[in-house]
Amino acid sequence: MCGIVGYVGEKQALEIVVAGLRRLEYRGYDSAGVAVVADRELHTRKKAGKLANLEVLLGTDPLPGSTIGIGHTRWATHGVPNDLNAHPHTSADGRVAIIHNGIIENFAELRDDLIANGVPITSDTDSEVVAHLLAAALPVHDGDLPEAMRSVCRLLEGAFTLVAINADQPDLVVGARRNSPLVVGVGDGENFMASDVSAFIAHTREAIELGQDQVVVLTRDSVTVTDFFGEPAPVTPFTVTWDASAAEKGGYDLFMLKEIAEQPKAVADTLLGRIDRSGSLQLDDMRLSDAELRAVSKVIIIACGTAYHAGMVAKYAIEHWTRIPCEVELASEFRYRDPIVDPRTLIIAISQSGETMDTLMAMRHAREQGAKVLAICNTQGATIPRESDAALYTYAGPEIAVASTKAFLTQIVACYLVALYLAQVRGNKFPDEIRAIIAELADMPSLVDLVLDTAEPVRRLAHLFADARSVLFIGRHVGFPVALEGALKLKELAYMHAEGFAAGELKHGPIALIEDGLPVIVVAPSPRGRSVLHEKIVSNIQEVRARGAVTIVIAEEGDEAVAAYADHIIRVPQCPTLMQPLVSTVPLQVFACEMATVKGHDVDQPRNLAKSVTVE
Ligand code: M6R
């Protein structure tokens with residue numbers, strides 16, 4: 001959700017904070033603001049809209065030089081995105097400034113107490129109360145912001161990352177976190193804190209993960225971490241494996257275009273180092289013992305959005321290769337249905353960001369019931385892998401565009417590695433069978449590359465259908481989640497009505513939507529796989545065409561049977577059925593990206609969305 005940066009050091013804080021916000025803007029872009037301390041006075045600037053608006057304001061109304069500062073880019077929860085509700089929020093005496101990510105659930109009662117004590121509330125946010133509470137706590141704690149922060153955190157309910165500065169302590173920045181992300185960047189004569197490492201990666205790759213309910217105090221030479229009661233807390237340092245260039249557009253007009261193009265490498269990197277000389281799978285970060293994996297009686301995948309679709313694809317492979325029953329569940333629904341989970345249940349929590357609150361809460365619920373949780377994640381130091389029993393990282397590099405692309409492909413690959421590992425440990429497959437599937441996976445980067453090289457016709461189709469009112473996507477077997485993913489991409493980027501259906505389900509209702517000229521994108525299974533699947537999709541194509549639909553069929557090279565019924569055909573290379581999502585999703589990503597571009601939308605930062613959804 002919101003992006004947060006704090007800096008203290010020897011350089012000009014404002015430049016560092018604004019550059020950090022630029023890298024974090026994908027997290028939220030409703031409004032932005034900064035605060036610095038200069039000559040023991042607090043100075044803030046904030047503005048509704050994108051960061052660019054704040055930069056214009058900083059041009060016309062500059063801030064004084066300072067070596068300490070905080071900055072925020074907002075995704076609104078409480079209060080509309082306007083100048084007043086933008087962060088930082090300041091105490092009534094103008095001495096303390098705070099920025100916040102998350103939701104303070106008991107803010108109404110805290111606000112009422114403040115109002116009863118005569119404190120003027122100026123915004124509609126839940127966050128502002130924290131600035132006033134800190135101001136009230138400071139005198140009680142000898143004017144010490146870290147102590148005041150600890151005492152205020154003990155009052156708060158909900159999820160929060162807070163960062164604060166105090167005009168009377170111009171040499172320190174204080175942060176706190178509960179169920180919301182915050183990482184520390186350790187520099188030389190300077191230190192940083194931010195929602196994620198991309199904000200400070202240009203300055204340091206040395207970082208520290210913070211645990212739950214911790215307060216961190218940064219000066220230019222020190223990092224001190226305690227719990228909310230002031231007890232020293234353990235910290236986990238780590239080195240970021242990618243550099244600043246990975247979080248830049250690298251010559252592409254859009255992050256999304258860059259990330260689509262990076263998919264062959266992302267898939268290859270996710271496979272790298274996971275196969276030993278004998279061809280067996282070696283998952284070093286798999287902290288679950290073979291005995292625990294042998295005892296697994298059920299797998300439940302929990303995830304949201306695109307990650308959920310990756311989980312739906314993975315279910316086919318997990319059940320096929322391991323014969324373990326596998327359920328896939330939307331994380332936001334999981335804990336509310338009293339799921340049957342026990343110590344023999346393996347939960348696979350898939351999350352690119354590792355911070356999605358729905359997924360985090362679902363996995364915590366499962367752990368409370370004794371289940372083991374394996375996280376599939378793309379972000380080092382994130383909460384979900386940290387709280388899991390085991391983690392398998394996807395090495396996709398930073399994904400900045402709000403619409404997930406390379407994360408999807410690498411999540412599928414990581415799930416497949418887990419499935420094969422389970423099959424290896426449990427003896428469901430012979431080593432040569434596992435090696436054969438790994439070889440198929442190893443071929444995928446070059447096949448994805450081929451799809452990218454031949455994507456031009458897909459772009460033309462986006463222009464052709466730019467005026468469509470609605471687009472339907474249908475698929476069977478692993479093509480069904482691909483259809484859902486194609487529809488999600490089109491919704492979030494092109495703001496078009498789009499729905500994905502299991503092709504066989506059409507005749508049970510959705511076929512009523514078909515009207516003259518309606519584009520229907522068909523993800524066709526290979527005729528070389530189970531022929532019955534292919535025959536059935538050919539029938540489904542005929543059914544929609546008979547009712548006036550225009551069909552755009554994604555079919556593998558050489559599939560001539562389907563070509564006869566396609567108004568437009570997009571070719572993808574031949575590959576085994578379970579590998580098909582890795583190639584057939586790519587044209588759908590390109591289609592949605594181009595469609596949004598044609599319509600003049602902001603592709604990387606679509607309206608109403610944020611990259612990392614840290615509220616439930
Ligand atoms: O970081 P996560 O993988 O947990 O995020 C899950 C979803 O919020 C995410 O995939 C979302 O659906 C994307 N914007 C879709 O493109």
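The values are calculated or read from the model by the stated rules, or taken from the named source; none is laboratory data. These figures come from a predicted structure and were not determined experimentally. Methodologically, a virtual Cβ is constructed for each residue, glycine included, from the backbone with ideal geometry; neighbour enumeration extends over all protein chains shown. What goes into the accessible areas is simple: the full protein's heavy atoms, side chains included, and nothing from ligands, DNA or RNA. Shrake-Rupley method; radii C 1.70, N 1.55, O 1.52, S 1.80 Å.
Accessible area of the chain with a 1.4 Å probe: how many percent of it is carbon plus sulfur?
50
Counting other C-beta atoms within 10 Å, and keeping those with at most 12, which DSSP coil GluC sites (Glu not before Pro) do you find in the stretch 1-98?
When the GluC sites (Glu not before Pro) of the stretch 1-98 are filtered for loop state and at most 12 Cβ neighbours within 10 Å, E10 remain.
Tell me the label-point distance for the pair D432, K298, using the 7 Å Cα-to-Cβ offset, in nm and rounded to one decimal.
3.7
Beyond 17 Å, how much of the Cα-Cα pair distribution for the stretch 470-563 remains, as a whole percent?
Summing the P(r) of the stretch 470-563 above 17 Å gives 44 percent of all pairs.
Helix 531-546 sits at what angle to the longest principal axis of the chain, using alpha carbons and giving 0 to 90 degrees rounded to 10?
Value to nearest ten degrees: 80.
Enter the accessible area per residue of the chain (Å², integer; probe 1.4 Å; all protein chains in place).
Here the per-residue accessible area is 36 Å².
Spin-label point model (7 Å from Cα, Cβ direction): what's the S446 to S222 distance in nm?
5.8
How much accessible surface does L138 have with a 1.4 Å probe, in Å² rounded to 10?
Approximately 20 Å² for this residue.
Taking all pairs of distinct Cα atoms, average 1/r, flip it, and tell me the Kirkwood hydrodynamic radius of the chain in Å to one decimal place.
That comes to 25.4 Å for the chain.
From Cα pairs below 8 angstrom and at least 6 apart in sequence, can you work out the relative contact order of the chain, rounded to a whole percent?
Contact order relative to length: 12 percent.
C377: net charge of surrounding residues, Cβ under 12 Å, Lys/Arg +1, Asp/Glu -1, itself excluded?
-3
By how many degrees, between 0 and 90 and to the nearest 10, does the Cα long axis of helix 51-60 differ from the longest principal axis of the chain?
The two axes meet at around 30 degrees.
Could you list the trypsin sites (Lys or Arg not before Pro) in the stretch 260-324 that lie in coil according to DSSP, counting only those with at most 16 other Cβ atoms within 10 Å of their Cβ?
Qualifying residues, ordered by number: R277, R287, R323.
Which FRET efficiency value, to the nearest 0.05, is calculated for H141 and D61 with the Förster distance at 30 angstrom and r the Cβ-Cβ distance?
0.35
Expressed in nm to one decimal, what extension gain is obtained for the pair A291 and S539 from 0.36 nm per residue of sequence separation less their Cα-Cα distance?
My answer for the length gained is 84.6 nm.
Return the percentage of antiparallel bridges among DSSP beta bridges fully within the chain, rounded to the nearest 5 %.
Taking every DSSP beta bridge with both residues in the chain, the antiparallel ones total about 60 percent.
For the stretch 542-601, compute Rh as the Kirkwood radius over C-alpha pairs and then the Stokes-Einstein diffusion coefficient at 4 °C and 1.567 mPa s; write the answer in µm²/s, rounded to an integer.
D, rounded to a whole number, is 100 µm²/s.
When the helix-only estimate is applied to the chain (DSSP H runs of n ≥ 4, each -39,500 (n - 2.57), divided by the residue count), what is the mean residue ellipticity at 222 nm, nearest 500 deg cm²/dmol?
-11000 deg cm²/dmol
Within the set of other residues whose C-beta is less than 12 Å from the C-beta of T219, count the net charge using Lys and Arg as +1 and Asp and Glu as -1.
Net of charged neighbours comes to -3.
Taking a probe of 1.4 angstrom, what is the accessible area of S222 in Å², to the nearest 10?
Accessible area, nearest 10 Å²: 40 Å².
Are there trypsin sites (Lys or Arg not before Pro) in the stretch 559-616 that DSSP marks as loop and that have at most 12 other Cβ atoms within 10 Å, and which are they?
R607
So, in nm, how far is label S278 from label H78 when the simple model puts each one 7 Å beyond its Cα toward the Cβ?
It is 5.8 nm.
Determine the alpha carbon to alpha carbon distance for each of K46/K406; K265/K491; K50/K406; K249/K372; K315/K489 and list only those over 30 Å.
K46/K406; K249/K372
Quick one: angle between helix 128-137 and the longest Cα principal axis of the chain, in degrees between 0 and 90, rounded to 10, please.
Once rounded, one gets 40 degrees.
Starting from the residue with the highest accessible area, list E105, E557 in decreasing order, probe 1.4 Å.
In descending accessible area the options line up as E105, E557.
In the full protein assembly as shown, how much of M312 is accessible to a 1.4 Å probe, in Å² to the nearest 10?
Around 30 Å² of this residue is reachable by solvent.
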